[in-house]
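These notes concern the structure reproduced below.
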Amino acid sequence: MPELPEVETVVRSLQPIVTGCRIQDFTCLWPRTLDDFSTTDFINHIKAQTIRAIHRRGKYILLDLDSGHILVHLRMTGKLIFSAVLPSQNPHIRAWFTLEGEQYLYFEDTRKFGRITFRSSLGELDSKLGPEPLSDKFTPELLADILAGTSRQIKPLLLDQSVIAGLGNIYCDEVLWHAAINPRAPGAGISVRKVAVLHSAIVTILTEAIEFQGTTIRDFGFQGERTGNYSSRLQVFGRTGQPCPRCNTAIVKLTVAQRGTHICPHCQKM
DNA sequence: AGTTTCACCTACAGGC
DNA sequence: TGCCTGTA
DNA sequence: GTGAAAC
């Protein structure tokens with residue numbers, strides 16, 4: 001499940017190899033991969049354009065072209081991989097860009113939830129997403145403001161991409177454990193002290209996860225066989241029944257906002 | 001506005 | 001082994 | 001992981 005650190009890892013792995021590449025063609029085997037374009041319309045927008053830069057906004061991969069941008073969202077199982085060959089034996093390849101010089105940027109996606117689209121400008125995307133948690137704009141004061149005004153539960157709030165862009169299920173559980181906050185706690189009720197800890201947990205955990213090239217539980221990978229190494233640093237996610245690293249109480253799994261949620265019932269009391 | 005449920009798909013783990 | 005259910 | 005539809 002690619003979240004901010006995984007998407008950032010993909011972007012960094014592709015950055016040195018795709019920038020400067022010229023797009024020759026695009027093939028789509030699963031039409032729904034293209035969000036709101038027919039394959040021919042999409043090709044008309046991107047054809048013969050050069051990829052000038054690759055970056056990330058929230059969980060979106062953005063390929064800047066001479067004119068306009070390709071947006072890629074990996075959702076649950078998507079992978080964007082650069083290769084000189086198209087793995088013909090792989091049944092999960094949904095689409096690919098043919099690049100000049102017999103090279104490919106292919107989109108592999110087991111569950112078919114991932115999406116690719118095109119936008120002339122990024123304004124619309126930017127306005128639907130909340131602040132980047134690793135930008136200077138994301139201050140403890142901003143987080144305090146976000147939480148102060150709402151009775152919404154903290155976990156679904158942090159997962160809402162229009163509130164903060166980039167957190168997903170894994171890192172949400174991790175940061176809440178670090179700040180010792182119950183995932184069902186209303187935003188407005190959280191103490192000033194815990195908000196400060198939560199802010200620094202968000203920044204440090206996302207930063208460290210990027211350094212470890214993300215978390216691989218099952219599906220996440222990039223550039224062939226490479227996988228994330230942050231799995232070994234997880235404190236609560238996927239550790240049901242194991243001792244809390246802080247107090248040794250057994251980690252419990254519950255459901256919050258329809259998502260599997262891992263907490264220490266002692267550290268994260270309501 | 002906020003919350004809940006469901007749909008979108010495939011693979012795999014666990015129980016029997 | 002194989003089916004069914006639940007979960008990512 | 002996300003968006004639409006329904007309370």
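The values are calculated or read from the model by the stated rules, or taken from the named source; none is laboratory data. From a predicted model like this one, the values you see are computed outputs, not experimental measurements. Positions of Cβ are backbone-derived with ideal geometry, glycine not excepted, and every protein chain shown enters the neighbour counts.
Identify all residues within the range A:137-166 that are in a loop (DSSP other than H, G, I, E, B) and touching a strand residue (DSSP E or B) at 6+ places or on another chain (Cβ under 9 Å); write none if there are none.
Once the filter is applied, which keeps residues that are in a loop (DSSP other than H, G, I, E, B) and touching a strand residue (DSSP E or B) at 6+ places or on another chain (Cβ under 9 Å), the range A:137-166 yields A:Thr150, A:Ser151, A:Arg152, A:Ala165, A:Gly166.
Every listed requirement among (1) on the phi > 0 side of the Ramachandran plot; (2) buried (at least 20 other Cβ atoms within 10 Å of the Cβ); (3) within 16 Å of DNA strand B (Cβ to nearest atom); (4) of a type outside the set (Val, Ile, Thr) is met by A:Gly168 save one, (1). Scanning the range A:22-35 for residues that are hydrophobic (A, V, I, L, M, F, W, C) and either closer than 11 Å to A:Glu102 by Cα or in contact with a helix residue (DSSP H, G or I) (Cβ under 9 Å, 6 or more places away or on another chain) (or both) returns A:Ile23, A:Phe26, A:Cys28, A:Leu34. Within the range A:213-229, the set of residues being in contact (Cβ under 8 Å) with a residue 40 or more places away in the chain and more than 16 Å from DNA strand C (Cβ to nearest atom) comprises A:Gln213, A:Phe222, A:Gln223, A:Gly224, A:Arg226. Hey, can you tell me all the residues within the range A:167-208 that are assigned to a helix (DSSP H, G or I), under 17 Å from the mean Cα position of the chain (by Cα) and within 16 Å of DNA strand C (Cβ to nearest atom)? A:Asn169, A:Ile170, A:Tyr171, A:Cys172, A:Asp173, A:Glu174 - these are the residues of the range A:167-208 that are assigned to a helix (DSSP H, G or I), under 17 Å from the mean Cα position of the chain (by Cα) and within 16 Å of DNA strand C (Cβ to nearest atom).
Consider the range A:1-21. How many of its residues are away from DNA strand D (no atom under 13 Å from the Cβ) and in contact with a helix residue (DSSP H, G or I) (Cβ under 7 Å, 6 or more places away or on another chain)? Qualifying residue count, the range A:1-21: 2.
Which strands (runs of 3 or more DSSP E) does the range A:1-82 wholly contain that include 3 or more residues that are within 26 Å of A:Leu167 (Cα to Cα)?
Working: elements: A:23-28, A:53-57, A:60-64, A:69-73.
Filter on the range A:1-82 gives A:53-57, A:60-64, A:69-73.
Residues that are surrounded by fewer than 12 Cβ atoms within 10 Å (Cβ to Cβ) and either in contact (Cβ under 8 Å) with a residue 24 or more places away in the chain or among the hydroxyl-bearing types (Ser, Thr, Tyr) (or both) within the range A:21-47 comprise A:Arg32, A:Asp36, A:Ser38, A:Thr40, listed in sequence order.
Among residues of the range A:91-117 that are over 16 Å from A:Gln223 (Cβ atoms), those with a Cβ under 6 angstrom from a residue that is more than 16 Å from DNA strand D (Cβ to nearest atom) and among the acidic types (Asp, Glu), sequence gap 6+ or separate chain, pair up as A:Thr98/A:Asp25. Among A:Leu29, A:Leu62, A:Leu74, which is the only one that is away from DNA strand B (no atom under 16 Å from the Cβ), modelled with pLDDT of 95 or more and outside the structural domain of A:Gly168 (by TED's automatic domain parsing)? It is A:Leu62.
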